[in-house]
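Worksheet: one structure, shown below.
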Amino acid sequence: MGRPILVAAILLAAAGPVACLYLWNRVKGRLAIAVRLFMIVMCQAFALLVGGVGLNQYFEFYASWSDLFGGGKGGGTPIEQVGAGGPGGQVRFERTRNLDPDVYTATVTGEHSGIRSRILVWVPPGYGSAANAHQTYPVVELLPGYPGTPSTWFHAVHGATALKEAMASGHAHPFILVAPVTTVVHGRDTECVDFPGGPRVETWLTDDVRQAVTQAFRVQADRSAWGILGFSTGGYCAAKMVIRRPDLFSAAVTMQGDAVPQTPEVRRDHALFAQNSVLDLLRTRRPPVSLLLAGTRQDRESDKAINQIMPLVRPPTTAFLYVLPKGGHNASVWNSMLPQAYAWLSARLSAPRPS
């Protein structure tokens with residue numbers, strides 16, 4: 001869903017009123033009123049189409065028609081392959097042309113969750129050079145909001161670009177960025193939860209994604225090298241997952257994320273809600289992890305979540321604040337937060353090192 005779709009929608013929206021004016025007095029007979037009403041409705045529909053496509057162009061809720069209607073697992077034109085990845089060495093990460101040139105993608109069947117979905121992996125400059133052939137890298141897992149796709153991190157939210165700039169300025173060291181699909185069931189906001197009877201989304205995002213990436217790329221396996229960065233729903237997931245899985249992650253950044261699940265399906269199940277509420281988790285657990293809580297004063301929901309979380313943090317858990325005075329709940333704000341997020345993660349996660 002690129003710019004051509006947006007241009008086509010704008011042309012349709014402009015052509016609708018022109019056609020309506022031209023045909024209005026030329027429509028005669030018994031159906032004249034019905035036809036005129038139909039023309040008005042179509043003009044309104046074209047206007048709504050422009051708004052919807054324009055919002056999707058900005059936020060990239062859906063990266064393709066298959067993302068919108070379900071069933072698509074992504075892909076791209078393969079120009080290079082790396083790694084074995086996955087049980088039996090069946091998974092190959094293919095380098096793509098339609099995203100950042102350093103992004104690889106694969107469709108993976110999770111050994112632990114049974115979920116089959118897509119993972120995008122960005123490698124930093126120099127990863128493929130002979131001089132770095134034995135270099136291993138820390139990992140930051142990137143989680144989008146809902147609805148959203150992993151490719152959002154390479155378009156509307158400039159995940160790779162911001163990291164390259166932070167590396168160039170000396171404020172961050174190189175990471176491998178891993179962006180998995182979080183909406184594993186089309187049209188269902190699972191909020192990274194392991195549901196009784198399935199889908200086991202948290203298991204997919206933790207154990208399965210980690211297994212696929214560590215088998216295919218030169219990454220450091222210990223928890224001190226793995227962090228999570230998410231915005232909106234992905235920010236809530238980042239905070240929840242680092243508290244629930246300190247064996248796998250040591251730091252997380254939540255950009256304007258909630259403190260508790262919002263999905264009605266989770267809220268109706270009191271036990272499931274407590275297991276996935278950042279607030280309830282912090283009341284009963286003190287894992288040795290670090291949290292960066294990023295938000296804005298104008299975004300009341302994220303500001304509220306930060307104020308709820310902070311009083312519950314107890315050592316060895318630590319939390320840090322990064323609150324901007326202004327800004328809504330959108331990609332511009334998340335992009336403005338990325339430099340600080342990467343600098344903070346670089347101070348807490350291990351640097352690249354020889355294997």
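Residues in segment 1-49 that are of a type in the set (D, E, K, R) and in contact with a helix residue (DSSP H, G or I) (Cβ under 9 Å, 6 or more places away or on another chain): R3, R36. Would a scan of segment 328-340 turn up a residue that is closer than 18 Å to V140 by Cα, free of Cβ contacts under 8 Å to residues at least 40 places away in the same chain and open to solvent by 70 Å² or more (accessible area, probe 1.4 Å)? No, there is no match, as no residue in segment 328-340 is closer than 18 Å to V140 by Cα, free of Cβ contacts under 8 Å to residues at least 40 places away in the same chain and open to solvent by 70 Å² or more (accessible area, probe 1.4 Å).
Just to be sure, is Q262 touching a Gly at 6+ places or on another chain (Cβ under 8 Å), part of a loop (DSSP other than H, G, I, E, B) and within 26 Å of P325 (Cα to Cα)? No, not satisfied. If the condition is being within 16 Å of the chain's Cα centre (by Cα) and in contact (Cβ under 8 Å) with a residue 60 or more places away in the chain, then segment 91-103 contributes only D100.
When the residues of segment 222-242 are filtered to those that are of a type outside the set (A, V, I, L, M, F, W, C) and farther than 21 Å from D299 by Cβ, which remaining residue is surrounded by the fewest Cβ atoms within 10 Å (Cβ to Cβ)? Per the criteria, the residue is D222. Quick test of your reading of the structure: E265 fulfils all but one of (1) more than 22 Å from T136 (Cα to Cα); (2) surrounded by fewer than 18 Cβ atoms within 10 Å (Cβ to Cβ); (3) free of Cβ contacts under 8 Å to residues at least 60 places away in the same chain. Name the failing condition by number. Condition not satisfied by E265: (3).
A count restricted to segment 18-33 and to residues that are in a helix (DSSP H, G or I) and open to solvent by 60 Å² or more (accessible area, probe 1.4 Å) stands at 8.
If you go through segment 200-207 one residue at a time, do you hit one that is more than 21 Å from G227 (Cβ to Cβ), at pLDDT 95 or above and open to solvent by 20 Å² or more (accessible area, probe 1.4 Å)? Yes, that holds for at least one residue.
Scanning segment 184-199 for residues that are surrounded by fewer than 22 Cβ atoms within 10 Å (Cβ to Cβ) and under 17 Å from the mean Cα position of the chain (by Cα) turns up V184, V185, H186, G187, R188, D189. Being more than 9 Å from the chain's Cα centre (by Cα) and either within 22 Å of A221 (Cβ to Cβ) or open to solvent by 10 Å² or more (accessible area, probe 1.4 Å) (or both) is a description that applies to A168. Taking P174, is it at pLDDT 95 or above and open to solvent by 10 Å² or more (accessible area, probe 1.4 Å)? Against the criterion (at pLDDT 95 or above and open to solvent by 10 Å² or more (accessible area, probe 1.4 Å)), P174 qualifies.
Note on segment 283-305: among residues that are open to solvent by less than 10 Å² (accessible area, probe 1.4 Å) and in a helix (DSSP H, G or I), the one that is modelled with the lowest pLDDT is S302. For segment 306-321, enumerate the residues that are open to solvent by 50 Å² or more (accessible area, probe 1.4 Å), free of Cβ contacts under 8 Å to residues at least 40 places away in the same chain and assigned to a helix (DSSP H, G or I). If the condition is that a residue be open to solvent by 50 Å² or more (accessible area, probe 1.4 Å), free of Cβ contacts under 8 Å to residues at least 40 places away in the same chain and assigned to a helix (DSSP H, G or I), then N307, M310, P311 are the ones that fit.
Are any of the residues in segment 100-120 modelled with pLDDT under 90, closer than 18 Å to N335 by Cβ and out of contact with any Ser or Thr (no Cβ under 6 Å at 6 or more places or on another chain)? The answer is yes, given that some residue of segment 100-120 is modelled with pLDDT under 90, closer than 18 Å to N335 by Cβ and out of contact with any Ser or Thr (no Cβ under 6 Å at 6 or more places or on another chain).
The values are calculated or read from the model by the stated rules, or taken from the named source; none is laboratory data. Every value quoted in this text rests on a predicted model; they were computed, and no experiment measured them. A quick note on method: Cβ atoms are made from the backbone with ideal geometry, for glycine too, and the neighbour counts reach across all protein chains shown. What goes into the accessible areas is simple: the full protein's heavy atoms, side chains included, and nothing from ligands, DNA or RNA. Shrake-Rupley method; radii C 1.70, N 1.55, O 1.52, S 1.80 Å.
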